[in-house]
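Here the structure is laid out as structure tokens; the discussion comes afterwards.
The values are calculated or read from the model by the stated rules, or taken from the named source; none is laboratory data. This one's a predicted model, so the numbers in the text were calculated from it and none came from an experiment. Virtual Cβ from ideal backbone geometry, glycine too; neighbours counted across all protein chains shown. SASA here: full protein model, heavy atoms, side chains in, ligands and nucleic acids out. Shrake-Rupley method; radii C 1.70, N 1.55, O 1.52, S 1.80 Å.
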Amino acid sequence: MAQGSNFVDYVKVCCRSGHGGAGSAHLHRDKHTAKGGPDGGDGGRGGHVILKGSTQHWTLLHLKYRKHIIAANGESGGSALRSGATGQDEILEVPLGTIAKDAETGEVLFDITEDGETRILTPGGKGGLGNWHFKSATQQTPRFSQPGIPGKEQWVVLELKVLADVGLVGFPNAGKSTLLSVVSAAKPEIANYPFTTLVPNLGIVGYRDNKSFVMADIPGIIEGASQGKGLGYRFLRHIERNSVLLFMIPADTDRTIEEEYQILLNELTAYNPELIDKPKLLAITKSDMLDEELETEMAKTVPPNIPYLFISSVAGKNIQQLKDLIWKAINQ
């Protein structure tokens, strides 16, 4: 559970950008000039609240207890056409795959998908113009300037959707964590009881010729997950960002392969119908307990038009063939 407490994929924060500085209404005066013209400078822009993508973060934990993000105000303009300083921006580093939403309307503002990508979340107020902007032939000494535009305050929801090449989809105890631990250096918690995996786990899988791809172990889905049952509803969003879906069904399931596959597919479709268009593969796990005759019988219950393999993570059965299948699907 300690690992789970460090994985935060949803935060709600109040962002307030800086106010723009006021323009100056100064008139030039020095020992040689008693009545000079206007020389008031412009006010500085208020600070933005900015999101920046970072590969150094994989969770929103660092923002969990920062409920109020406040950028600095811009400074007022000065004499001799001196502009006020720009308010300091507040830059929030977020993991790749973070989506920013308006907390009140639910509107998606933008998402961050690349390292170093920056997007303005809450723009700062523009600085006011100094009085020298308003001089004219008929108004040579304007004694007024513009005030700065106030900053903006809004409640924003930040949601993380894990980015991966292949996502593992299956019921609890389907063998997802075991497969990830075998093909990558990831060390997910593994035990023989439901909901061992409480957070998504990522692993980099080595392939031929020094190539690799990213695999995500999504916490187990149960029937009714799309209606909020179990843990599945909370983590279904992470499947949306995976290029390929690898369905995993254990050989010792109480249902037929097709029945279990259809239940999983129905839950994904109920959550987001677009998920049905993603490339799909099927791995029948724990098949080291099957002989050739049983495999042939079980193959008859595999849904049509989906590439499949009988695998065993513990025995290493067909693991390399599974990597080949995944690599082919990713590159199609």
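Answer yes if at least one residue in the stretch 238-260 is part of a helix (DSSP H, G or I), closer than 28 Å to Thr98 by Cβ and at pLDDT 90 or above, and no otherwise.
no
Name the residues in the stretch 309-332 that are in a helix (DSSP H, G or I) and open to solvent by less than 60 Å² (accessible area, probe 1.4 Å), would you?
Ile319, Leu322, Lys323, Asp324, Leu325, Ile326, Trp327, Ala329, Ile330
Pull up the stretch 126-168, narrow it to residues that are among the β-branched types (Val, Ile, Thr) and within 30 Å of Val214 (Cα to Cα), then point me to the one that is nearest to the chain's Cα centre (by Cα).
Residue satisfying both the conditions and the ranking: Val162.
Residues are listed down the side, and each one gets a yes or a no for (1) closer than 22 Å to Leu236 by Cα; (2) touching a His at 6+ places or on another chain (Cβ under 6 Å); (3) modelled with pLDDT under 85; (4) among the polar types (S, T, N, Q):
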residue: Thr141; (1), (2), (3), (4): no, no, no, yes
residue: Gly148; (1), (2), (3), (4): no, yes, no, no
residue: Ala164; (1), (2), (3), (4): yes, no, no, no
residue: Asn173; (1), (2), (3), (4): yes, no, yes, yes
residue: Val182; (1), (2), (3), (4): no, no, no, no
residue: Ala185; (1), (2), (3), (4): no, no, yes, no
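Within the stretch 61-83, which residues are in a loop (DSSP other than H, G, I, E, B) and either without any contact (Cβ under 8 Å) to a residue 12 or more places away in the chain or within 19 Å of Arg16 (Cβ to Cβ) (or both)?
Within the stretch 61-83, Lys64, Tyr65, Arg66, Lys67, Ala71, Ala72, Asn73, Gly74, Glu75 meet the criteria.
If you scan the stretch 277-308, which residues turn out to be of a type outside the set (Lys, Arg), open to solvent by 40 Å² or more (accessible area, probe 1.4 Å), part of a loop (DSSP other than H, G, I, E, B) and in contact with a strand residue (DSSP E or B) (Cβ under 6 Å, 6 or more places away or on another chain)?
Residues satisfying the conditions are Pro279, Pro307.
Give the residue that is nearest to Gly44 (Cα to Cα), with candidates limited to residues of the stretch 134-160 that are of a type in the set (A, V, I, L, M) and open to solvent by 50 Å² or more (accessible area, probe 1.4 Å).
Filtering first and then ranking leaves Ile149.
Give the number of residues within the stretch 57-89 that are of a type in the set (A, V, I, L, M), open to solvent by 20 Å² or more (accessible area, probe 1.4 Å) and under 13 Å from the mean Cα position of the chain (by Cα).
Result for the stretch 57-89: 1.
Thr86 versus (1) touching a Leu at 6+ places or on another chain (Cβ under 9 Å); (2) under 18 Å from Pro147 (Cα atoms): which is the lone unmet condition?
(1)
Of Leu92, Leu109, Leu121, Leu96, which residue is touching a helix residue (DSSP H, G or I) at 6+ places or on another chain (Cβ under 7 Å) and either of a type outside the set (Gly, Ala, Ser) or open to solvent by 50 Å² or more (accessible area, probe 1.4 Å) (or both)?
Unique residue meeting the criteria: Leu92.
Which one of Gly77, Gly36 is more than 18 Å from Lys12 (Cβ to Cβ), out of contact with any helix residue (DSSP H, G or I) (no Cβ under 8 Å at 6 or more places or on another chain) and at pLDDT 95 or above?
Within the list Gly77, Gly36, the selection yields Gly77.
Here is a list: Asp42, Asp30. Which entry is charged (D, E, K, R) and either crowded, with 20+ Cβ neighbours inside 10 Å or in contact (Cβ under 8 Å) with a residue 12 or more places away in the chain (or both)?
Exactly one of Asp42, Asp30 is charged (D, E, K, R) and either crowded, with 20+ Cβ neighbours inside 10 Å or in contact (Cβ under 8 Å) with a residue 12 or more places away in the chain (or both), namely Asp42.
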